[in-house]
Amino acid sequence: MAEHTRPRGRPCSHRVYQLDCDDYDRLVRHAAGRCQICAVPPEQTKHGFLVIDHDDAVGQWAVRGLLCSNCNTGLPTGSMPAHATAYLTQPWWRSEAERRGQDTAPWPEPPSGSVVAACRGLRWHREGDSWRHVAKYRGAPRSWWWLQRHYGPHNMRLVKSSEEKTA
Ligand SMILES: [Zn+2]
Ligand SMILES: [Zn+2]
């Protein structure tokens, strides 16, 4: 059972960062349930909850931590207290990857014809220069760069290389 309250009738918002409910619970414990910069608890924030902060320079999956909306909007402008530097240089995603022994370095694009599986078993097939979702009939084609940034290199594995003979 998840420790956090799950929204009714829709998936948890942490899923857009490739976090399942256990991951999110661990993130909340890591942050001690407060904004990781100013330490405000969720009930004292404007919207009543903390937001998931990710490092867009690394990727959609790269969750740095939990912040109040004030600190979250302060980050891009750089109007931050000095201890925010520690927060920025010790992102949660990195300690998680170390704990799990995962390599988060981007990997080179497999050749055309290859299939990769991402989180929750979603499969992507490379046709020429673009990647298509195997199950979706009309999914938008994506680039390798997009896939790596969206799911995270450590959340993807090669299922079929184009060099392999299919029996
Ligand atoms: Zn959840
Ligand atoms: Zn804050």
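The values are calculated or read from the model by the stated rules, or taken from the named source; none is laboratory data. Here the structure is a predicted model, which means the values were calculated and not measured. Backbone-built Cβ (ideal geometry, glycine too); neighbour counts: all protein chains shown.
General observations
- Subset of region 108-129 [on the phi > 0 side of the Ramachandran plot and either modelled with pLDDT of 95 or more or in a loop (DSSP other than H, G, I, E, B) (or both)]: GLY113, GLY128
- Residue check for THR85: β-branched (Val, Ile, Thr), over 30 Å from ARG157 (Cα atoms), free of Cβ contacts under 8 Å to residues at least 60 places away in the same chain and part of a helix (DSSP H, G or I): yes
- Which listed residue is surrounded by 17 or more Cβ atoms within 10 Å (Cβ to Cβ) and either in contact with a helix residue (DSSP H, G or I) (Cβ under 8 Å, 6 or more places away or on another chain) or not hydrophobic (A, V, I, L, M, F, W, C) (or both), from GLY33, GLY74, GLY113, GLY101: GLY74
- Qualifying residue in region 51-62 (condition: within 20 Å of PRO7 (Cβ to Cβ), within 12 Å of ligand 2 (Cβ to nearest atom), more than 13 Å from the chain's Cα centre (by Cα) and of a type outside the set (Ser, Thr, Tyr)): yes
- Flag if ASP25 is modelled with pLDDT of 95 or more, more than 19 Å from MET156 (Cα to Cα) and away from ligand 1 (no atom under 16 Å from the Cβ): no
- Enumeration of residues in region 47-72 that are within 24 Å of GLU98 (Cβ to Cβ), outside any loop (DSSP other than H, G, I, E, B) and in contact (Cβ under 8 Å) with a residue 24 or more places away in the chain: ILE52, HIS54, VAL63, ARG64, GLY65, LEU66, LEU67
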